[in-house]
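Visitor: I'd like to ask some things about the structure below.
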Number of protein chains: 2
Amino acid sequence: MTSKKRTVVLLSGGLDSATALAVALAEGFEVYAMSFRYGQRHAVELESARRIAEAYALEKHLVVDIDLRAIGGSALTDQIEVPKRRSSLEMSSAIPVTYVPARNTIFLSFALAWAERLSAQDIFIGVNALDYSGYPDCRPEYIEAFENMANLATREGVEGRMRLKINTPLIAMTKAEIIKTGIKLGVDYSLTHSCYDPGVDGLACGRCDSCLLRLRGFAEAGTADPLRYAGG
Amino acid sequence: MTSKKRTVVLLSGGLDSATALAVALAEGFEVYAMSFRYGQRHAVELESARRIAEAYALEKHLVVDIDLRAIGGSALTDQIEVPKRRSSLEMSSAIPVTYVPARNTIFLSFALAWAERLSAQDIFIGVNALDYSGYPDCRPEYIEAFENMANLATREGVEGRMRLKINTPLIAMTKAEIIKTGIKLGVDYSLTHSCYDPGVDGLACGRCDSCLLRLRGFAEAGTADPLRYAGG
C-alpha cells in the first residue's frame, strides 16, 4: 500500500486555481481543496470550485466562511464599480480597485492551519506575478516571506517535523502558458469561472480585467475558450 | 485639531489583550479593537471583550466570524478535554493540546487587512513568549517574520506609504509584570476573562493552564485577582 503525500490546494473556481490543482494532482498529491465564501460579488466562482472538486473526486473540499465585507475596501466585496474594457497599460499601471486587502494572506493562513491539521507539507496556490503584476500578494518575494513565517508559526515547523512549502507552479507563466499547461493536463476550462462581475444569469461579462486577460490568454494559446459569455 | 494615529488591537477579552490595549491607549493611539468568534469553547471571552471595548469607549470594536472548527485540531475548539491542575514543568514541556493551528497567523492576517483599510501602521497583540513558551506563534522570531511578510503583502507596503509594525508590548514580561503594568494603567481586570474551560455559569474554573498562570501572576504581583472563580 502506498500512501500519497497530502496537499492543501486553494481553489477559487477560476482558471488559475483549476490549473494549479491539476498540477498538484499530476505531481501525485492527495488533494484537500479549500475555498472561501468571503462576501465576494462573484459567488458563482464557488459553484465552479464545487464542480471542479467533484469532477476530480477530490479527497475533500472545504468551504470556509469568512466575512471580509466587515473589513471592506475592495470592488470585489463592496459596492464599488468594477472597471471595464481597460487596456493592458491601464491594468498594469497600478494596483486595481478589485484588490482585496490582505486576501491571499488570509487565505494562506487558513490553508496553513488545515495543512498543519492534515500533516501536509505542501500548499498549492495559483498566483501569477506576470499577468497580475498589480497585486502585491502574488509576487515571489511575498510568497517566500509567507513560507518563512509559516515555518515559524506552527507546532510541526518548530518541532522540525514539517517544512512547509508554498507551491506556486503558475507564478512565472503568461496566461497563455497557464492555459496550454492546463489543456495538456486535461483541465476542463468550461467548469472554471474568472469574471469579476458576472450577470444575474451567472454569465461572465467579457469586459472586466479578469475576463479580458482570460480571453486574451485563450487567443494567444490558439484555443477557444469553452466558457459562455454574456451576449456571446 | 490633532489627528491621532490609528492602531488595530487584537482583543480576546483576556488579561493579556486588555493590558496590550491599555498600553496602546497610553501611547496615544486611536484604537480599533478586533475580536473573533471562532468556535471557541470559551465564548464568554467575547462578552469580556465587548465590556472592555465599552469601558474604554473605543472608536470601533469589530467581531469577525470565522469557523476554525471546520479545520479542527485543538482542545479549545474540539471535544478534547482541557488539561487541569498541571505543574509549571508540565506546562512548559511541550506545545499544549489547547494550541489552535495557526491561530495567531489567522488573527494577524485579519488585523493586517483592517489596518490596511484604516491606513493604520500599527497592530497590537498581547502575545507573551515567557509564560506561554509552548505556543510557537507567540515567539519574537515569529512576530518578526509576520511583520516582514506583511510589508510585502499590501498595497500600502509595496507603494512605500506604510511600514506596518506589530507591537508586542508584553512579549518579554512575566505574568506578574503584565498585571503590574495593567494596574498602573488602570486596567479593570474584573472585566477580563482567561479561563479555557468556563462553567455553564460563565465562571472561570481556576484549574486550567490559563487560570493557573493568571492566579500565580496575581499572587506574584502581590494583588488579589478581582475575578470570581467557580467554587470560590
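The values are calculated or read from the model by the stated rules, or taken from the named source; none is laboratory data. Fair warning: this is a prediction, and the values are worked out from it, not measured in the lab. Every residue, glycine among them, receives a Cβ derived from its backbone with ideal geometry; neighbour counts consider all protein chains shown.
A quick yes/no check of all residues on (1) among the hydrophobic types (A, V, I, L, M, F, W, C); (2) under 19 Å from A:ILE125 (Cβ atoms):
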| residue | (1), (2) |
| --- | --- |
| A:ILE179 | yes, yes |
| A:GLY182 | no, yes |
| A:ARG207 | no, no |
| A:LEU212 | yes, no |
| A:GLY222 | no, no |
| A:PRO226 | no, no |
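Visitor: Follow-up question, since we're still on this one. Considering only segment B:24-44, how many residues are small (Gly, Ala, Ser), within 21 Å of B:PRO198 (Cα to Cα) and surrounded by 21 or more Cβ atoms within 10 Å (Cβ to Cβ)?
Guide: Selection size over segment B:24-44: 1.
Visitor: Next question. Here are some conditions: (1) in a loop (DSSP other than H, G, I, E, B); (2) surrounded by 21 or more Cβ atoms within 10 Å (Cβ to Cβ). B:VAL200 meets all but one. Which one does it not meet?
Guide: Every listed condition holds for B:VAL200 apart from (2).
Visitor: Something else: Please identify the pairs in which a residue from segment B:48-70 that is within 11 Å of chain A (Cβ to nearest Cβ) and more than 26 Å from B:PRO101 (Cβ to Cβ) has its Cβ atom under 8 Å from the Cβ atom of a residue that is among the charged types (D, E, K, R) and surrounded by fewer than 17 Cβ atoms within 10 Å (Cβ to Cβ), counting only partners at least 6 apart or on another chain.
Guide: Here the result reads none, with nothing in segment B:48-70 linked to a residue that is among the charged types (D, E, K, R) and surrounded by fewer than 17 Cβ atoms within 10 Å (Cβ to Cβ).
Visitor: Working only within segment A:1-23, note down all residues that are touching an Asp or Glu at 6+ places or on another chain (Cβ under 8 Å), farther than 21 Å from A:ASP197 by Cβ and buried (at least 23 other Cβ atoms within 10 Å of the Cβ).
Guide: Of everything in segment A:1-23, those that are touching an Asp or Glu at 6+ places or on another chain (Cβ under 8 Å), farther than 21 Å from A:ASP197 by Cβ and buried (at least 23 other Cβ atoms within 10 Å of the Cβ) turn out to be A:THR7, A:VAL8.
Visitor: Which of the numbered conditions does B:TYR32 fail, given that it passes all the others? Conditions: (1) touching a residue at least 40 places away in the same chain (Cβ under 8 Å); (2) out of contact with any Lys or Arg (no Cβ under 6 Å at 6 or more places or on another chain); (3) not in a helix (DSSP H, G or I).
Guide: Tallying (1) touching a residue at least 40 places away in the same chain (Cβ under 8 Å); (2) out of contact with any Lys or Arg (no Cβ under 6 Å at 6 or more places or on another chain); (3) not in a helix (DSSP H, G or I), B:TYR32 fails exactly one: (2).
Visitor: Give the number of residues within segment B:157-183 that are in a helix (DSSP H, G or I) and within 14 Å of chain A (Cβ to nearest Cβ).
Guide: Adding up the residues that qualify gives 2.
Visitor: Being out of contact with any Ser or Thr (no Cβ under 6 Å at 6 or more places or on another chain), under 26 Å from B:PRO226 (Cα atoms) and in a helix (DSSP H, G or I) is the filter; apply it to segment B:47-79 and report the residue that is modelled with the lowest pLDDT.
Guide: B:GLU47
Visitor: Go through segment B:117-156 and report how many residues are more than 24 Å from A:THR154 (Cβ to Cβ) and either more than 7 Å from every other protein chain (Cβ to nearest Cβ) or crowded, with 24+ Cβ neighbours inside 10 Å (or both).
Guide: 6
Visitor: Can you pull out the residues in segment A:172-216 that are under 21 Å from A:ALA57 (Cβ atoms) and at pLDDT 90 or above?
Guide: Listed by number, the residues that qualify are A:GLY182, A:ILE183, A:LYS184, A:LEU185, A:GLY186, A:VAL187, A:ASP188, A:TYR189, A:SER190, A:LEU191, A:THR192.
Visitor: Go through segment B:203-228 and report how many residues are of a type in the set (Gly, Ala, Ser) and either crowded, with 21+ Cβ neighbours inside 10 Å or touching a strand residue (DSSP E or B) at 6+ places or on another chain (Cβ under 7 Å) (or both).
Guide: 4
Visitor: Now a separate question. So is B:TYR196 within 14 Å of another protein chain (Cβ to nearest Cβ) and over 18 Å from B:LEU112 (Cα atoms) or not?
Guide: no
Visitor: Answer with yes or no whether B:GLY231 is farther than 19 Å from B:LEU21 by Cβ, away from chain A (no Cβ under 11 Å) and out of contact with any strand residue (DSSP E or B) (no Cβ under 6 Å at 6 or more places or on another chain).
Guide: Yes, satisfied.
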